[in-house]
1. Give Glu48, Glu75, Glu55 a once-over and let me know the one that is assigned to a helix (DSSP H, G or I), surrounded by fewer than 12 Cβ atoms within 10 Å (Cβ to Cβ), at pLDDT below 90 and acidic (Asp, Glu).
2. Which one of Val239, Val252, Val223 is crowded, with 19+ Cβ neighbours inside 10 Å and touching a residue at least 60 places away in the same chain (Cβ under 8 Å)?
3. With the checklist (1) at pLDDT below 90; (2) open to solvent by less than 80 Å² (accessible area, probe 1.4 Å) in hand, flag the one item Ile90 doesn't pass.
4. Looking at the structure I just gave you, is Asp262 modelled with pLDDT of 90 or more, among the charged types (D, E, K, R) and at negative phi?
5. Could you list all residues from segment 146-188 that are open to solvent by 90 Å² or more (accessible area, probe 1.4 Å), assigned to a helix (DSSP H, G or I) and either more than 25 Å from Gln125 (Cα to Cα) or among the acidic types (Asp, Glu) (or both)?
6. What is the residue count in segment 258-276 for residues that are under 13 Å from the mean Cα position of the chain (by Cα) and open to solvent by 30 Å² or more (accessible area, probe 1.4 Å)?
7. List every residue pair whose Cβ atoms sit under 6 Å apart, with the two residues 6 or more apart in sequence or on different chains, where the first one lies in segment 283-305 and is of a type in the set (Asp, Glu) and the second, anywhere, is part of a helix (DSSP H, G or I).
8. Of the conditions (1) in contact with a Pro (Cβ under 9 Å, 6 or more places away or on another chain); (2) more than 21 Å from Asp103 (Cα to Cα); (3) not basic (Lys, Arg), Ala135 clears all except one; give me its number.
Amino acid sequence: MSNENNPIDPNTGANQVPRRRRTPRRDGKGANAITNQNALADQSLIAEQGDEAAEKAGGVKLIANQRIIPFMKIEKPMMIISALLILAGIVAVIVKGLNFGLDFTGGVSANVAYEKPVEQVQVVQALADHGYPDAVVQYLGTRQELLLRLPPQEGSAENLTAALDKALDFPDNASTVDSISIIGSQVGNEIYLNSLLALSVALGMMLLYVGTRFQFKLALGAVLALFHDVIVVVGIFAVMGWPFDLTVLAAVLALIGYSINDTIVVYDRIRENFRRVRGLTPVEVLDLSLTETLRRTIMTVGTVFVVVIAMLFLGGDGLYWFSVALFIGLIAGTYSSVYIASSIPLMLGLSREDFVVQVKPEFEEEVVVFSDPELQNSKD
């Protein structure tokens, strides 16, 4: 390597070899600092341009180098819609009432076995022709075994068994009534009261769980979101006059579990972002959290929708109303996780202080100043 271009030391007359710096400058001055400053300036410019372009494209902003969807921008209109839905559902239940099924009103339940497979439509039509309208028929494992549910009937169990044997016999396919049970109205009332108790206990336990794991403001938002989901499903069944039986009640309870799971995922991200992200308003933190969990929500809802639609069209009469209730509840639950479970805590003043652990006064370190009188006198 040639040393012609190297500077000459005036003291020794030897060529000086430039020394390479192996560590960065400690004072922050130099090429690294200039490069970092330029990078930050470019990053800030890109963010500003991204915000302007995003606003023109539809309001999607750029926060912490991540584009977020402004969900809370339409928070108030959505809250008004939610309030109207809840009010309409309550009015429908009070004024029109629910079309309770046999599980709540009482009736006749019978197991029937056929020699050959039979269609549900044929059995329902045969019962209607012999004076048994509004019958519910569903398969029990195979197409030869069925469960019949009839409104309350007069007469003893023996007379009903003989009448059903006569009504259900086909020319080339004989039937046998294996067992028959009569459910009284008192039993139906007990089931109705126990159902209300189950819903109340479920909502109360959800309130306690979320309040213990997160914060009371979030717990109140989660329970109001669950209440919204239940009222929407029950209100639609009341308005449409659809039958409300134990399968629909099971769908409502399943919906509560699904909706609280989706809400917990959103709350986890909200708590995490309030702790780690600085310089954002509570509205921006909620928008960021909802955007980050949106992909997971879409994947979960899409997967469940596939199963519900399959049950709706292929599950038969026994799962039809269960699927309808769950289908409506999935839409209501996904909506409430965004615009009720998140909006209610925001209205109650949710902020970063709700998630930061405050040090109690008794655990704060006391500052002790040492003062030596003799040393003070010597200085004087």
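1. Testing whether each residue is assigned to a helix (DSSP H, G or I), surrounded by fewer than 12 Cβ atoms within 10 Å (Cβ to Cβ), at pLDDT below 90 and acidic (Asp, Glu) leaves just Glu48.
2. Val252
3. Only one criterion in (1) at pLDDT below 90; (2) open to solvent by less than 80 Å² (accessible area, probe 1.4 Å) is unmet by Ile90, namely (1).
4. In short, no.
5. Within segment 146-188, Glu158, Gln186 qualify.
6. 4
7. Asp287/Phe71; Asp287/Met72; Glu292/Arg269
8. Among (1) in contact with a Pro (Cβ under 9 Å, 6 or more places away or on another chain); (2) more than 21 Å from Asp103 (Cα to Cα); (3) not basic (Lys, Arg), the lone unmet condition for Ala135 is (2).
The values are calculated or read from the model by the stated rules, or taken from the named source; none is laboratory data. Worth saying up front: this structure is predicted, and the values here are computed from it rather than measured. Ideal geometry is used to build each Cβ from the backbone, glycine not excepted, and the neighbour counts take in all protein chains shown. Areas reflect the complete protein model, heavy atoms only, side chains present, ligands, DNA and RNA absent. Shrake-Rupley method; radii C 1.70, N 1.55, O 1.52, S 1.80 Å.
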